[in-house]
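Comments concern the structure below.
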Amino acid sequence: MNKKLTLLAACAATMLFSGSLMAEDVYQWNGRSPTYSDVPKNLIPASSNIVNVRTQTSRPAVAPAGHQQNQLPQVQNNNGEISAADLQAMTNQKQMEENQAREEANRKVIEDNNAARASNCNVAKINLQHAQTARIQNREQLIQQYQSNVNQFCN
């Protein structure tokens, strides 16, 4: 009897939660009342929002025009040509942004390494100080080991 109830509860839980795991995007738009569907309104994503059913949050289905990743420069003279100077300027700008991001990441790594070095040095000095005041049999061995740690981490 107890096995049957456990099995029944497990099956019910599986059925309840499996639908949310396989859920795809749900689109929402406002008309007379909010409408939800699995396809955007009139198959145009720009006129809809995507709703996350699990967290009850929504976001635009299409990124705003100003936030597109790979924007092309403006076409000149309506003849479909893009000047080489515009392409070069765009490439230079992108390279400069990548370099700035790389420099910032390197700066953060250096700061983290310096903080870790300072912490290790402090711990090594404290260990040496305790070993010098300790009354144990292997005191000389510990002092030698901790002195090498101080030399390693504090220089």
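The values are calculated or read from the model by the stated rules, or taken from the named source; none is laboratory data. Given the structure is predicted, the values throughout are model-derived calculations rather than measurements. Cβ sites come from the backbone with ideal geometry, for glycine too, and all protein chains shown count toward neighbours.
Brief remarks follow.
- Considering I82, I50, I126, I44, the condition of being surrounded by 10 or more Cβ atoms within 10 Å (Cβ to Cβ), of a type in the set (V, I, T) and modelled with pLDDT of 85 or more is satisfied by I126 alone.
- Output for region 129-155, where each listed residue is in a loop (DSSP other than H, G, I, E, B) and either at pLDDT 90 or above or under 39 Å from the mean Cα position of the chain (by Cα) (or both): C154, N155
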